[in-house]
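In what follows, a single structure is set out as structure tokens and then discussed.
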Amino acid sequence: MLKVIKGLGVFVGLICSLLVFIVVCLVAINATDRTKSPNTLLVENWLKQQPIDPSENGFVYLQTFIGIFQDVTAKEVATTLSFNDEEDQLLRDYKKSCYQTDVATCNEFLEKNNESILQAIHAHKTDATHYSKLIEMPYWQEDIQYLTPENLFKWAPLLKLRTISEL
């Protein structure tokens, strides 16, 4: 009986030792697994940007396609993509009719506004071609100078163009 208790004690001691060892290892691993500093992230970004040909970079293509960057502090910035008030209203109505309601309402909207839709598509045919090329671009790496929050693309015209491309 004494040998069984002694063997059981050794077994429990080994299990406890193993658990302590595992906890110590996990604490050591966790101690080395820290979040990266901003400088490390910046260097990694630089390294990512090196091998990419600008002609294949979606970010560079978008920069030339849109034509501008928007300074967040600026109120209005001109862009090469512009939409008139009728087109803006058409896109808003399209989103209301086809995104937020049923298929019948969407079809009714499309039939009712067929001529306006065709005019909008025709007016932005070239831009829609650029947009199609843009979404097929393999790489999207930003230049370091545009990583600051003050420098952002003006996305609204591009999103309107995407909606026209859907139509």
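The values are calculated or read from the model by the stated rules, or taken from the named source; none is laboratory data. Quick caveat: nothing in here was measured; it's all calculated off a predicted structure. Protein only, heavy atoms only, side chains kept; ligands, DNA and RNA dropped before computing areas. Shrake-Rupley method; radii C 1.70, N 1.55, O 1.52, S 1.80 Å.
To the nearest 10 square angstrom, what accessible area does THR35 show with a 1.4 Å probe? Accessible surface of THR35 is approximately 130 Å². A cut-off of 5 Å between modelled amide H atoms, ignoring neighbours fewer than 5 places along the same chain, links TYR139 with GLY58.
Note that segment 6-20 has calculated 3J(HN,Hα) couplings of 5, x, 5, x, 5, 4, 5, x, 5, 4, 4, 4, 5, 5, 4 Hz, one per residue in order, obtained from phi through the Karplus relation 6.51 cos²θ - 1.76 cosθ + 1.60 (θ = phi - 60°); glycine and proline are x.
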